[in-house]
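This report concerns only the one structure given below.
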Amino acid sequence: MRIPAFNLRPLAFGLALAGAAFAVQAQEKVVFATNWKAQAGHGGFYQALVDGTYKKYGLDVDIQQGGPMVNNRPMLPAGKVDFLMTGNLLQSFDNVKNGVPTVVVAAFFQKDPQAIFAHPGQGFDTFKDMTKAPVAFIGKDGQFSFWQWMKSEHGFKDSQLKPYTFNVGPFLADKKSIQQGYAISEPLSIKAQAGFDPVVQLLADNGFSTYSTTIETRADLIKTKPETVRKFVEASIIGWNNYLYGDNKAANEMIAKINPDSPVAALQGSIELIKKMGIVDSGDSLTKGIGAMDEARVKDFYDKMVKAGLYKAGEVDLSKVVTTQFVNKGVGVDVRKKLTGK
């Protein structure tokens with residue numbers, strides 16, 4: 001029987017409504033927690049949120065920023081968040097050592113931005129020169145982590161140590177001192193306060209081979225929802241390419257609104273440092289895509305930390321630290337090429 005044409009319109013309208021409702025339902029809720037306040041070093045994730053990339057992948061992502069009074073780390077194994085941004089592989093080694101069932105699924109910084117700064121013109125232009133500085137301002141956490149490697153690998157000495165309280169004043173006042181800091185932020189504040197560009201030596205460029213801004217999830221989520229993990233990782237990779245090489249205005253405005261301590265001008269300065277130093281996109285990521293990881297490099301870093309006395313040989317089952325299941329596939333390389341022409 002032929003249906004009269006006038007009856008098709010409400011039917012089509014009803015189908016359209018049903019399709020829209022299904023599209024809304026298809027967005028899977030995902031909670032992603034960062035390890036500090038919103039900043040340029042988190043930019044690719046906010047880019048993927050604000051430009052709709054996560055949505056295109058079927059994800060409704062809630063980004064929960066960290067901060068001085070916020071500890072998001074226990075929220076992951078407790079099931080309160082689905083993905084967690086961590087600092088570097090040391091925290092992941094600790095998780096495996098302590099039986100916490102979390103796994104690194106991507107590394108968005110190929111280089112840890114941890115660096116040592118010196119005053120220009122004081123004879124501390126190289127990492128080797130810095131071993132002779134009379135004073136090294138290093139924070140408590142640093143003294144029990146990368147400083148141990150600096151001693152074992154490069155010959156720094158505890159006699160140089162003075163506590164760093166995340167105030168650059170003492171460093172600025174002592175031209176013969178060196179100081180720890182993040183290479184993508186502190187140089188900007190030093191220039192703003194003192195009017196000079198500090199000498200910057202990335203630990204990563206001197207053998208500190210950890211990945212940084214790694215993304216962890218629970219081992220059970222990888223087993224039960226691998227597609228969710230894949231979508232989050234790949235959408236974040238696309239976000240980082242667009243943030244670094246495309247129009248990042250909306251993402252920076254979102255970050256500045258969430259964290260007023262990160263104004264847009266400062267964010268743009270940090271982005272330039274990230275690109276200049278190859279923090280996000282260098283080495284393996286150039287061909288394998290941002291987020292790339294190499295299990296041999298994880299072992300290399302672990303061996304160095306054993307030598308530095310942070311772990312015992314065989315204490316950490318490295319097969320449980322990372323999985324390359326969701327990276328190294330060249331995702332986003334085409335986006336970079338389209339945006340940069342190379």
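The values are calculated or read from the model by the stated rules, or taken from the named source; none is laboratory data. As the structure is a prediction and not an experimental result, all values here were calculated from the model. Here Cβ is always computed from backbone atoms with ideal geometry, including for glycine, and neighbour counts include all displayed protein chains. Areas reflect the complete protein model, heavy atoms only, side chains present, ligands, DNA and RNA absent. Shrake-Rupley method; radii C 1.70, N 1.55, O 1.52, S 1.80 Å.
Within a straight-line Cα-Cα reach of under 15 Å, Lys157 can be paired with the following aspartates and glutamates, leaving aside sequence neighbours fewer than 8 residues apart in one chain: Asp129. Summing Lys and Arg as +1 and Asp and Glu as -1 over all other residues whose Cβ lies under 10 Å from the Cβ of Ala106 gives a net charge of -2.
What does the charge dipole of the chain about its Cα centre add up to, to the nearest 20 debye, if the Cβ of each Lys and Arg holds +1 and the Cβ of each Asp and Glu holds -1? Show your work: numbers first, answer last.
Working: 40 positive and 33 negative charges, 93 e Å.
For the chain, the charge dipole is close to 440 debye.
From the helices alone, meaning DSSP H stretches of at least four residues, give me the mean residue ellipticity at 222 nm for the chain, per-run term -39500 (n - 2.57), in deg cm²/dmol to the nearest 500. Walk me through the numbers before you get to the answer.
Working: 16 runs with 146 residues, N = 342.
Using -39500 (n - 2.57) per qualifying helix, the result is -12000 deg cm²/dmol.
Please report the carbon-and-sulfur percent of the accessible area for the chain; probe 1.4 Å, protein heavy atoms only, DNA, RNA and ligands left out. Walk me through the numbers before you get to the answer.
Working: 9010 of 16180 Å².
Carbon and sulfur: 56 percent of the exposed surface of the chain.
Classified by the C-alpha gyration tensor, region 189-342 has an oblate form. Its axis ratio a/c, with a ≥ b ≥ c, is 1.5 or above, and a/b does not exceed b/c.
Three semi-axes describe the equivalent ellipsoid of the chain; taken as square roots of 5 times the Cα gyration tensor eigenvalues and ordered largest first, they are 42, 23, 17 Å.
If you filter region 200-243 for GluC sites (Glu not before Pro), then keep DSSP loop positions with at most 15 other Cβ within 10 Å, what is left? Listed in order of number, the matching sites amount to none. Within the chain, DSSP assigns beta bridges of which about 60% are antiparallel (rounded to the nearest 5).
Sparsely packed loop sites in region 211-313 (the trypsin sites (Lys or Arg not before Pro) outside DSSP H, G, I, E and B with at most 10 other Cβ atoms within 10 Å) comprise Lys312.
With only alpha-carbon atoms in the gyration tensor, what are the semi-axes of the equivalent ellipsoid for region 251-295, in Å, largest first? Walk me through the numbers on the way to the answer.
On the way: eigenvalues 144, 27, 11 Å².
Equivalent ellipsoid of region 251-295: 27, 12, 7 Å, largest first.
For region 26-154, what Kirkwood radius comes out of the mean inverse Cα-Cα distance, in Å? Computed over Cα pairs of region 26-154, the Kirkwood hydrodynamic radius comes out at 17.5 Å.
Is the C-alpha gyration tensor of region 267-342 telling us rounded, prolate or oblate? Criteria: a/c under 1.5 is rounded; beyond that, a/b larger than b/c is prolate, otherwise oblate. Oblate shape, in that a/c is at least 1.5 and b/c is the bigger or equal ratio.
Hydrophobic long helices, here whole DSSP H runs in the chain with Kyte-Doolittle means of at least 0.0 and Cα atoms spread over 15 Å or more along the helix axis, are found at 8-26, 264-277. If only the Cβ of Lys and Arg carry +1 and only the Cβ of Asp and Glu carry -1, the dipole of region 92-135 around its Cα centre is close to 80 debye. Here region 108-159 is treated as a sphere whose radius is the Kirkwood value from Cα pairs; by Stokes-Einstein at 25 °C and 0.890 mPa s it diffuses with a coefficient of 204 µm²/s. Accessible surface area normalised per residue over the chain is 47 Å², counting heavy atoms of protein chains with a 1.4 Å rolling probe.
For region 34-107 versus region 298-317, the spacing of their alpha-carbon centroids is 24 Å. Dipole magnitude for region 96-225: about 240 debye, using +1 per Lys or Arg Cβ and -1 per Asp or Glu Cβ, origin at the Cα centre. Local charge for Met277 was computed over the other residues whose Cβ lies under 15 Å away, with Lys and Arg +1 and Asp and Glu -1, and equals -3. Counting only heavy atoms of the protein chains and using a 1.4 Å probe, Thr224 has close to 100 Å² of accessible surface. Would you tally the net charge around Arg218, using a Cβ to Cβ cut-off of less than 14 Å, leaving Arg218 out, and scoring K and R as +1, D and E as -1? With Lys, Arg at +1 and Asp, Glu at -1, the neighbours total +2.
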